[in-house]
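Asker: Once you've had a glance at the structure underneath, I'll fire off some questions.
Laboratory data are not the source of any read-out in this text; all were calculated from the coordinates shown. Everything quoted here is computed from the prediction, not taken from an experiment. Cβ coordinates were reconstructed from backbone atoms using ideal geometry, including for glycine residues, and neighbour counts include every protein chain displayed.
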Amino acid sequence: MHQIEIIGMRKKRDLKIVFTIIMLAIISIIVCLSVIFIDKKNSAEMTMANINNEANNNILQDNSEDEQLQENEFDTNKFIDEVDNIYNGEEGKRVFLTFDDGPTKEVTPHILDILKEYDIKATFFVLGTNAKKNSDIVKRAYEEGHYIANHGYSHKYSTIYKSADTVLEEYNKTEQIIKEALENTNYSSHLFRFPGGAHGGPYETIKKKARKKLKQEGIAYLDWSALTYDSVGVNSKEKILQNLKSTINGWNNVVVLMHDSADRKITYESLEDIIKYLKKEGYTFKNIYDLI
């Protein structure tokens, strides 16, 4: 009996050992499968992350290419040609309202209010010194659909007309101020108005060189064909309107010169009368965007 008991105990021990081995094997298998699953999951997540990163990079690249394409779509030579031939339009009577020397808090907002009321888009040839002080007004004019063009920085003839290079320097300085006001580093007006006009006067020799230099830099320049003489002390709305009528000369394509400097209250006071007269005469209001 004693021997039989010993044998039975050995069998039980062997069974426990076998059972233990089997359980360890099962646990090992489970651990291995878990590791494999986690590795595959991590690998899949890394793959998806790489795919997403690549997709995002492609989107950024596409957006960059789109921005470059939009920038390249501006045809500088075509724009200069359109500005040069602004008086040769054949689509009927059209008028471009332009304002020089601003913006100013005293005058420009009143002009913008009137233009907004009549749904008219104008062109503002901003002066660098004023644009720097009144960047919020520059931005407002731009956001309301008006074209922001360049009138140089100082408006001091002896400074700006030292040479053709100083004309370009004043243009570039004001362009930078416009970019900062609009919070748009890609903005370029491509359009300059010479203080005192692009032709004639004691600085004609330098102006001639500057006209050539500007065009070489892809910059058009534009004077005017009609004016109100609001910058020479005219203080009557009736006289302002009469001056406009006498300088339009019945032309179909008209560029009107006015001013929005701080002392030109008469400009916005007479603006509604000017608009009503031009409408009555059958003119369509345009701005420089219509040339692009």
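Asker: Going Cα to Cα from residue 239, which lysines come in below 23 Å? Please leave out same-chain ones fewer than 8 positions away.
Answerer: Answer for residue 239, where 23 Å is the Cα cut-off: 265, 276, 279, 280, listed by chain and number.
Asker: List, in the order given, every pair from 156/207; 133/212; 156/215; 139/208 whose Cα-Cα distance in the structure shown is over 26 Å.
Answerer: On the way: 156/207 14 Å; 133/212 31 Å; 156/215 22 Å; 139/208 32 Å.
Among 156/207; 133/212; 156/215; 139/208, the Cα-Cα distance tops 26 Å for 133/212; 139/208.
Asker: Hey, got a sec? Which trypsin sites (Lys or Arg not before Pro) in segment 176-250 land in a DSSP loop and have at most 15 other Cβ atoms within 10 Å?
Answerer: Those that pass, being in a loop and sparsely packed, number zero.
Asker: Could you line up 229, 153, 277 from fewest to most neighbouring Cβ atoms inside 10 Å? Walk me through the intermediate numbers first.
Answerer: Numbers: 229 18, 153 26, 277 14.
Final ranking by Cβ density, sparse to dense: 277, 229, 153.
Asker: So how much slack lies between residue 176 and residue 265, counting 0.36 nm per residue of separation and subtracting their Cα-Cα distance, in nm?
Answerer: Working: separation 89, 0.36 × 89 = 32.04 nm, distance 2.83 nm.
That works out to 29.2 nm of additional length.
Asker: List the GluC sites (Glu not before Pro) in segment 161-236 that DSSP assigns to loop (not H, G, I, E or B) and whose Cβ has at most 15 other Cβ atoms within 10 Å. Which are they? Walk me through the intermediate numbers first.
Answerer: Working: sites: 169, 170, 175, 180, 183, 204, 217; in loops: 183, 217.
Taking segment 161-236 and a limit of 15 other Cβ atoms within 10 Å, the loop GluC sites (Glu not before Pro) found are 183, 217.
Asker: Another question about this same structure. How many Å³ per residue does the convex hull of the Cα positions in segment 76-291 occupy? Mind showing how you got there, number by number?
Answerer: Working: hull volume 24.5 nm³, N = 216.
Taking only Cα atoms, segment 76-291 has a hull volume of 113 Å³ per residue.
Asker: Something else: Distance between Cα centroids, segment 74-153 to segment 159-196: provide it in whole Å.
Answerer: So the separation of the two Cα centres works out to 14 Å.
Asker: Here's a follow-up. Could you compute the net charge surrounding residue 286? Neighbours are other residues with a C-beta less than 10 Å from the C-beta of residue 286; K and R count +1, D and E count -1. Don't jump to the answer; show the numbers that get you there.
Answerer: Numbers: positive: 94, 121; negative: 91, 290.
Counting the neighbours of residue 286, the net charge comes to 0.
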